[in-house]
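Let me begin by presenting the structure, written as C-alpha cells, before commenting on it.
The values are calculated or read from the model by the stated rules, or taken from the named source; none is laboratory data. Predicted model, so just to flag it, every value in this text is computed and none were measured. A quick note on method: Cβ atoms are made from the backbone with ideal geometry, for glycine too, and the neighbour counts reach across all protein chains shown.
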Amino acid sequence: QLILVTGASGFVAAHVLNSLFKEGYKVRGTVRSEATANKVRKTHGHHLKGDDSRLTFAIVPDIAAPGAFDESVKGVDGVFHTASPFVMQVEDNVRDLLDPAVKGTTSILEAVEKNAPQVKRVVVTSSFAAIGDPMKGARPGYTYSEKDWNPVTYEEAKNGPGVIAYCASKTFAEQAAYDFVKEKKPNFDVATICPPMIYGPLEHGASLESLNTSSADIYRLMNGSSKEPGPTSIPCFADVRDVGEAHVKAYESKEGGRYFISTSTFSYPQVCEIIKKALPSHASKVPDCSTTEEVETFTIDNEHAQKALGIHFTSLEKTITDTVKSLAKLEQAA
Ligand code: NDP
C-alpha cells in the first residue's frame, strides 16, 4: 500500500515514516521543496533496501493554496496529514497559523474526495492542544480524554498570543476534518491523533539552530540556557515513536475517531533528574530544581488508545533519556 504523508520532513513525520516502512508500506511524502525531499531521502534512505519506489515525493509549496493537494493524492491508498506549523511566535496568527492548519486540512480532504476515491481513511495529526482548555491551567482533579475539546473561539485565536493561536489552529483544523466528513459524507472517514508535548529521538536531520518546538523545550534544560525549569506549561507528554506507531495503527484500526496519545503527566523537575542521570557530562548545566514546588495538575485517560490501538506507552525515563542522547549527538556533530 502507498501512503501519502504530508509534511514528511518534520520531527514527528520522521517516526511516522519509520513506522510505515517497518510495516511494509510505501510512502509518498509531500514537502515544500526539492531540497527538503533530498533531506528526507538522506534520513530515511536506509529503509529502501534498493527499492527507490518505497519513498517518493510530491512538492507542495503552499498547503493553504486552493487545490494544493489535488495532484499529490492521485493513486494513493491512504493519507496521513501531519503538515501544520508548530510555532508559537508568528507575525500574523491567521496567515501563519490558522490558515495553514485549517485550509491545509480541508484542502487535503477535498483532494481525496475529488481525486482519490479509493482512500478509506485519512489520519490527521491533531494535538492535545485541541483537547485541553488552556484557560483552566493545571486544573487539578480533572481528567482529560478524547471527549474534551478546547473551547477557544476564532476571535480569541486571531488576536491572542501565539500559544493560544497555535492551540486554536489545531482545534479548528481537527473540527474541520470531522465537519467535512459529517457534511460531505465522502468515501472515507478520519482518525485524529492527539498527542501533547512529543519528545524522543530526532531522526529528521535536525540541527541545533533550528530545533522543532518540543525538542527545543528539552534542549534548554540541558544546554545551560535555563537557570530555572519554569512552570511545566503542558504537563503531559508522548514519545515520538508511540506517535508514529499510533498513526499506522489508527489507519489500520476498524474505528476512526479521536485517539489521545500520551504516556502520562510529567514535570520539568522530573525531566531534569532524568537528564542528570542520562548525561552526567551535562549535569552542571541542568537547572537547579531544589526549590521548585511540584504543582498538582490534571490527570489523563489514555485507555482508549491502549485498548483500541494496542499501544504500550513509553516511560518518561526512556523518552527523555533517548531525547537528550540524541540532542547530545547533534551537539557533538555541530
Ligand atoms: P516540525 O516543525 O518538525 O514539522 C512540521 C512539518 O509541517 C514540517 O514538515 C513542515 O515543513 C510542515 N509545515 C509546517 N508549516 C507548513 C506550511 N505552512 N506549509 C507546508 N508545510 C508546513 O513539527 P512537528 O513534527 O513537531 O509537528 C508535526 C505535526 O505534529 C504538526 O501537525 C503538529 O501540530 C503536531 N504536533 C506536534 C507536537 C509536538 O510536541 N512536536 C505535539 C502535538 C501535535 P518544512 O520542513 O518545510 O518546514
All but one of (1) within 15 Å of residue 200 (Cβ to Cβ); (2) in contact with a Lys or Arg (Cβ under 6 Å, 6 or more places away or on another chain) hold for residue 219; state the number of the condition that does not hold.
(2)
Number of positions in the range 260-273 that are surrounded by fewer than 19 Cβ atoms within 10 Å (Cβ to Cβ) and part of a strand (DSSP E or B)
1
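Please state which one of 203, 146 is touching a Cys at 6+ places or on another chain (Cβ under 9 Å) and either touching a residue at least 24 places away in the same chain (Cβ under 8 Å) or under 27 Å from residue 323 (Cβ atoms) (or both).
Values: 203 fails: touching a Cys at 6+ places or on another chain (Cβ under 9 Å).
From the options 203, 146, the qualifying one is 146.
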Just the residues that are touching a residue at least 40 places away in the same chain (Cβ under 8 Å) and among the polar types (S, T, N, Q), please, taken from the range 234-269.
253, 262, 263, 264
Criterion (modelled with pLDDT of 95 or more and under 30 Å from residue 155 (Cβ atoms)) met by exactly one of 24, 7, 78, 29:
7
Might you check whether a residue that is small (Gly, Ala, Ser), more than 23 Å from residue 31 (Cβ to Cβ), at pLDDT 95 or above and in contact with a Cys (Cβ under 6 Å, 6 or more places away or on another chain) occurs anywhere in the range 121-129?
yes
Taking the criterion of being within 25 Å of residue 13 (Cβ to Cβ) and surrounded by fewer than 17 Cβ atoms within 10 Å (Cβ to Cβ), would at least one residue in the range 122-137 satisfy it?
no
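Return the only residue of 105, 153 being surrounded by 15 or more Cβ atoms within 10 Å (Cβ to Cβ) and of a type in the set (S, T, N, Q). First the steps, then the outcome.
Details: 153 fails: surrounded by 15 or more Cβ atoms within 10 Å (Cβ to Cβ).
105 is the lone residue from the list that is surrounded by 15 or more Cβ atoms within 10 Å (Cβ to Cβ) and of a type in the set (S, T, N, Q).
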Restricting attention to the range 63-89, which residues are more than 19 Å from the chain's Cα centre (by Cα) and within 15 Å of the ligand (Cβ to nearest atom)?
65, 66, 67, 68, 69, 72
Is it fair to say residue 119 is among the hydrophobic types (A, V, I, L, M, F, W, C) and more than 20 Å from the chain's Cα centre (by Cα)?
yes
Cβ-Cβ under 6 Å, sequence separation 6+ or interchain: first residue in the range 24-53 and without any contact (Cβ under 8 Å) to a residue 60 or more places away in the chain, partner surrounded by fewer than 18 Cβ atoms within 10 Å (Cβ to Cβ) and assigned to a loop (DSSP other than H, G, I, E, B). Which pairs?
32/61
